[in-house]
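Bear in mind that the values in this text are calculations on the coordinates, not laboratory data. As the structure is a prediction and not an experimental result, all values here were calculated from the model. Here the Cβ positions follow ideal geometry from the backbone for every residue, glycine too, while neighbour counts run over all protein chains shown.
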Amino acid sequence: MKEYPVLGNKDTRSGFGDGLTELGRTNKDVVALCADLTGSLKMNQFEDENPERFFQVGIAEANMMCIAAGMTIGGKIPFTGTFANFSTSRVYDQIRQSIAYSDKNVKICASHAGLTLGEDGATHQVLEDLGMMKMLPGMTVINPCDYNQTKAATIAIAKHIGPVYLRFGRPKVPIFIPEDQPFEIGKALHLTEGKDVSIFATGHLVWKSLEAAKVLEAEGISVEVINIHTIKPLDAQAIIESAKKTGAVVSAEEHQKAGGLGESIAQVLATNLPTPMEFVAVNDSFGESATPDQLMTKYGLDSINIVEAARKVIAKKIK
């Protein structure tokens with residue numbers, strides 16, 4: 001099994017901030033808007049270097065989305081920044097009508113997603129956002145796994161024409177994707193090759209899937225781990241080819257089971273290659289206030305849960 005050394009620990013929101021800063025220096029059409037959370041979104045340096053291209057709209061997220069949509073008409077590439085809950089649930093009507101329906105070139109950048117927001121509690125821990133956004137026609141949905149991949153994704157979406165939802169988080173997590181790894185929208189990233197089970201993971205669950213793979217490999221189980229950083233458009237070919245090889249599939253995500261990555265994978269398999277499958281995700285529940293690690297354990301999003309799901313789906317395959 002291929003090893004991925006930890007290159008450090010850093011929050012993915014810093015990857016967004018550093019990617020945005022780089023864009024500010026290289027692409028003069030990039031503008032940034034923030035809803036009173038500049039520090040939390042790590043947008044400070046972009047603001048300092050480009051005060052004429054940074055717009056602090058205050059606690060007015062709906063207005064921010066409409067302003068961003070309008071800016072695209074003049075050829076600007078607006079990046080909006082606020083918490084994932086406020087980037088989706090609070091402004092879904094504005095995104096649907098002013099951005100998605102109108103096919104505006106807005107980059108909706110959403111931090112503090114999922115249970116790993118931790119102590120802020122259930123009202124801020126959005127677990128439905130990927131489903132909400134992937135259902136919008138024409139919306140690209142991206143959920144990178146570490147600092148390096150988030151930075152690369154931030155830079156890549158500036159070149160993509162059309163609305164994008166980019167999701168990232170607050171906690172420090174292992175950096176394991178090489179800094180020079182190209183980011184290709186819609187192209188899954190194979191991390192390990194295996195023949196017994198395929199684990200398709202996204203976001204923070206990618207590293208936990210690699211941890212799970214080590215446990216399974218020690219048991220003699222050959223594991224294929226694939227990083228699905230782009231939820232939409234989904235790399236259906238990579239999913240089908242891997243499932244054909246292993247005959248058993250696990251999906252892993254920090255999101256509701258309903259509407260998430262696993263649901264999209266199940267649809268691909270149901271229509272192309274019916275395959276035994278298990279889901280590691282939040283099961284129809286809101287979160288609560290606790291540390292990120294406590295919540296990931298309580299809601300079944302740890303590496304051990306991925307190990308158990310893999311064992312279970314392999315047993316189904318054998319039967």
Most exposed first, judged by fewest Cβ atoms within 10 angstrom, Ser285, Ser14, Ser209 run Ser285, Ser14, Ser209
Per the helix-only model, the chain has a calculated mean residue ellipticity at 222 nm (DSSP H runs of ≥4, -39500 (n - 2.57) each, divided over all residues, rounded to the nearest 500) of -11000 deg cm²/dmol
Largest first and rounded to whole Å, the semi-axes √(5λ) derived from the alpha carbon gyration tensor of region 4-131 read 22, 20, 13
Straight-line reach check, Lys208, cutoff 18 Å on alpha carbons, 8 or more apart in-chain or any other chain, hits among lysines -> Lys2, Lys10, Lys172, Lys257, Lys298, Lys312
Mean projected area, convex hull of alpha-carbon positions in region 237-276, reported to one decimal in nm², is 2.7 nm²
Residues Leu216, Leu115 in order from fewest to most other beta-carbon atoms within 10 Å are Leu216, Leu115
Rg from C-alpha atoms of the chain, normalised by the globular rule of thumb 2.2 N^0.38 Å, equals 0.96
Placing each pseudo-label 7 Å from Cα in the direction of the beta carbon, Gln97 and Thr123 end up separated by a distance in nanometres of 2.6 nm
Region 10-174: relative contact order from alpha carbon pairs under 8 Å, six or more residues apart, as a whole percent, is 31 percent
With R₀ set to 22 angstrom, the calculated FRET efficiency between the beta-carbons of Val215 and Lys317, to the nearest 0.05, is 0.75
Footprinting proxy, Glu253, Glu47: sorted fewest to most Cβ within 10 Å, the residues are Glu47, Glu253
As straight-line cross-link partners of Lys104, the qualifying lysines (C-alpha separation under 22 Å, not fewer than 8 residues apart within one chain) are Lys28, Lys76, Lys134, Lys159, Lys232
